[in-house]
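The values are calculated or read from the model by the stated rules, or taken from the named source; none is laboratory data. Because the structure is a prediction, the values reported are computed rather than measured. Don't worry about glycine lacking a Cβ; one is built from the backbone with ideal geometry, like all the others, and counts go over all protein chains shown. Heads up: the accessible areas ignore ligands, DNA and RNA and are worked out on the full protein's heavy atoms, side chains in. Shrake-Rupley method; radii C 1.70, N 1.55, O 1.52, S 1.80 Å.
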Amino acid sequence: QVQLVESGGGLVQPGGSLSLSCVGSGGDFSMWAMDWYRQAPGKQREWVSTINIDQGTIDAAFVRGRFTISRDNAKNTVYLQMNSLQPEDTAVYYCKTWIGDTEYWGQGTQVTVSS
């Protein structure tokens, strides 16, 4: 059974950094394209970044070079390095993959940007 577990969230001041991790299990992680999404209070979940199995990446426009997605297949882990965080980045961050027609989501990790 595919499972995704995020970690690394927390409270950070504006301008600060956080590194999120998502560990996958239950299959061949190296064959999974991986996404990061986020959901702010009262808002719809939105896509943040994608890393494909060939290490190619795509970012949402609001990332503006502040976030970097990466993966370490030896550790079954995808990362999201977030720099220059702002209060509007406050959200629950989720990792996601899909296999065939099935999506798999982690439980999320809370990121709060506040002074």
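Of the residues making up region 62-77, not one is more than 16 Å from residue 22 (Cα to Cα), open to solvent by 60 Å² or more (accessible area, probe 1.4 Å) and at pLDDT 95 or above.
The C-beta contact set for region 100-115 (first residue within 19 Å of residue 28 (Cβ to Cβ), second residue assigned to a loop (DSSP other than H, G, I, E, B), distance under 6 angstrom, 6+ apart or interchain) comprises 104/2. Note on region 20-41: residues that are open to solvent by less than 20 Å² (accessible area, probe 1.4 Å) and assigned to a loop (DSSP other than H, G, I, E, B) amount to 2.
Being out of contact with any His (no Cβ under 6 Å at 6 or more places or on another chain), at pLDDT below 95 and not β-branched (Val, Ile, Thr), is that true of even one residue in region 2-23? Scanning region 2-23, I find no residue that is out of contact with any His (no Cβ under 6 Å at 6 or more places or on another chain), at pLDDT below 95 and not β-branched (Val, Ile, Thr), so the answer is no. All of (1) under 30 Å from residue 115 (Cα atoms); (2) touching a Gly at 6+ places or on another chain (Cβ under 9 Å); (3) of a type outside the set (A, V, I, L, M) hold for residue 36 with one exception: (2). Collect the residues in region 100-113 that are closer than 13 Å to residue 32 by Cβ and buried (at least 19 other Cβ atoms within 10 Å of the Cβ), keeping them in residue-number order. Passing the criteria: only 106. A count restricted to region 78-99 and to residues that are open to solvent by less than 10 Å² (accessible area, probe 1.4 Å), in contact with a Ser or Thr (Cβ under 8 Å, 6 or more places away or on another chain) and assigned to a strand (DSSP E or B) stands at 4. Of all the residues in region 52-77, those that are assigned to a strand (DSSP E or B), charged (D, E, K, R) and either within 12 Å of the chain's Cα centre (by Cα) or on the phi > 0 side of the Ramachandran plot (or both) number 2.
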